[in-house]
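K.L.:
If you scroll down you'll find the structure; I have some questions about it.
The values are calculated or read from the model by the stated rules, or taken from the named source; none is laboratory data. Keep in mind that this is a model prediction, so the values were computed, not measured. Glycine also receives a Cβ, built like all others from the backbone with ideal geometry; neighbour counts cover every protein chain displayed.
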Amino acid sequence: PVAKSATVHTKVHGKHGDFAIEAKGLVKRFKSGKGYVEVLKGVDFDARHGDLTMVMGPSGSGKSTLIAALSGLLKPEEGRVDCLDVDDLWKLSNGKIDKFRLDHCGFIFQGFNLFPALTALQQVTTVLKFQGLSPGAAKKRATEALAEVGLGHRLNQRPSALSGGEKQRVAIARALAKDPKILFADEPTSALDGENGQVVIRLLRRAATEHGAAVICVTHDPRLEAWADRVIKIEDGIIASDERRIPDPTATLASH
Ligand code: ADP
Ligand code: MG
């Protein structure tokens with residue numbers, strides 16, 4: 001039987017209905033010596049609004065490349081990506097692809113990717129102002145987003161004064177402040193201990209359940225499966241398995 005988590009969001013979805021992303025036949029090759037190495041070998045992929053979709057696979061299997069192809073960062077040689085109201089993302093101009101990403105996608109990376117010179121608050125307001133919010137509105141929204149990840153008391157700290165777990169929570173606040181329809185997380189817990197990893201994966205779970213985002217989380221840590229609605233395994237550039245499951249939001253990541 002197909003397991004479907006109870007979602008509480010009331011988003012108006014794009015023309016692809018429950019699907020935030022539907023991709024078909026993605027092929028990505030990189031130049032290697034005299035020839036090419038095929039990293040994605042004809043991948044079909046989809047992800048639903050409100051789902052935490054976990055993409056698992058060993059290092060080098062093509063997970064980060066898949067996220068890049070789905071989010072308009074790295075053009076595949078073959079295949080198409082339909083997302084939200086866009087048919088065939090890669091047919092758009094570069095400017096429109098960038099605009100799509102800015103308007104609708106959030107990103108979280110293993111290495112946090114914060115600006116060293118900016119405070120936690122500025123990390124978030126900068127993105128919101130870039131999106132067109134007034135300084136006042138950006139500050140209000142950023143303060144809320146940081147409070148939501150439990151950093152209401154750390155607004156004026158720069159990354160050098162924050163722990164790894166706090167840095168990743170800033171990155172999550174920055175990604176969620178614009179209420180993205182799609183949230184990409186690439187190994188978001190890999191640099192964190194169990195306790196902080198658990199805080200992060202629970203926040204991603206909430207982004208799916210409470211905000212209705214399609215959360216696509218790439219990881220090689222099988223323990224994160226517990227929080228997923230769906231687990232897709234990728235091996236050597238092909239989808240090896242794809243299963244729905246019932247998430248356990250109370251699961252714990254034992255420290256190791
Ligand atoms: P994963 O995220 O699953 O660890 P990646 O998608 O990063 O895997 O990489 C898959 C394969 O593609 C690896 O062998 C990697 O070395 C290769 N690769 C990734 N990006 C590039 C690039 N820009 N140029 C050449 N090879 C690359
Ligand atoms: Mg990777």
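K.L.:
I'd like to check something: does the stretch 22-32 contain any residue that is in contact with a Phe, Trp or Tyr (Cβ under 6 Å, 6 or more places away or on another chain) and surrounded by 15 or more Cβ atoms within 10 Å (Cβ to Cβ)?
P.N.:
yes
K.L.:
Another question, then. Which one of these does A147 not meet: (1) buried (at least 21 other Cβ atoms within 10 Å of the Cβ); (2) out of contact with any strand residue (DSSP E or B) (no Cβ under 7 Å at 6 or more places or on another chain); (3) aliphatic (A, V, I, L, M)?
P.N.:
Here A147 meets the rest and fails (1).
K.L.:
Then there's this: Is it the case that the stretch 187-204 has a residue that's surrounded by fewer than 18 Cβ atoms within 10 Å (Cβ to Cβ), farther than 22 Å from Q110 by Cβ and of a type in the set (A, V, I, L, M)?
P.N.:
no
So that you can scan it fast, the table gives a plain yes or no per residue for (1) more than 25 Å from A191 (Cα to Cα); (2) out of contact with any Ser or Thr (no Cβ under 9 Å at 6 or more places or on another chain); (3) in contact (Cβ under 8 Å) with a residue 24 or more places away in the chain; (4) of a type in the set (S, T, N, Q):
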{"site": "F112", "(1), (2), (3), (4)": "no, yes, yes, no"}
{"site": "Q131", "(1), (2), (3), (4)": "yes, yes, yes, yes"}
{"site": "A137", "(1), (2), (3), (4)": "yes, yes, no, no"}
{"site": "A147", "(1), (2), (3), (4)": "no, yes, no, no"}
{"site": "H153", "(1), (2), (3), (4)": "no, yes, no, no"}
{"site": "A171", "(1), (2), (3), (4)": "no, yes, yes, no"}
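Here's the yes/no breakdown for (1) acidic (D, E); (2) under 18 Å from the mean Cα position of the chain (by Cα); (3) more than 14 Å from ligand 2 (Cβ to nearest atom):
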| site | (1), (2), (3) |
| --- | --- |
| L52 | no, yes, yes |
| G60 | no, no, no |
| L66 | no, yes, no |
| G106 | no, yes, yes |
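K.L.:
Taking the stated definitions as given, is A173 farther than 24 Å from D193 by Cβ, crowded, with 19+ Cβ neighbours inside 10 Å and of a type in the set (G, A, S)?
P.N.:
Against the criterion (farther than 24 Å from D193 by Cβ, crowded, with 19+ Cβ neighbours inside 10 Å and of a type in the set (G, A, S)), A173 does not qualify.
K.L.:
Output the residue which, of all residues in the stretch 45-56 that are within 16 Å of ligand 1 (Cβ to nearest atom) and of a type in the set (A, V, I, L, M), is farthest from K28 (Cα to Cα). Step through it out loud before you land on a result.
P.N.:
Pass one, the stretch 45-56, residues within 16 Å of ligand 1 (Cβ to nearest atom): 45, 53-56.
Now restrict to residues that are of a type in the set (A, V, I, L, M): 54-56.
On the way: M54: 21, V55: 17, M56: 18 Å.
Looking at residues that are within 16 Å of ligand 1 (Cβ to nearest atom) and of a type in the set (A, V, I, L, M), I get M54.
The rows are residues; the columns are (1) in a strand (DSSP E or B); (2) crowded, with 18+ Cβ neighbours inside 10 Å; (3) within 16 Å of ligand 1 (Cβ to nearest atom); (4) modelled with pLDDT of 95 or more.
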residue: V43; (1), (2), (3), (4): yes, yes, yes, yes
residue: P58; (1), (2), (3), (4): no, no, yes, no
residue: I67; (1), (2), (3), (4): no, yes, yes, yes
residue: D82; (1), (2), (3), (4): yes, yes, no, yes
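K.L.:
So, in the stretch 97-123, of the ones that are hydrophobic (A, V, I, L, M, F, W, C) and more than 25 Å from I21 (Cβ to Cβ), which residue ends up surrounded by the most Cβ atoms within 10 Å (Cβ to Cβ)?
P.N.:
A120
K.L.:
Here is a follow-up. Please go through the stretch 84-104 and give me each residue that is closer than 19 Å to V127 by Cβ and either aromatic (F, W, Y) or within 16 Å of ligand 1 (Cβ to nearest atom) (or both), ordered by number.
P.N.:
Matches in the stretch 84-104: F100 only.
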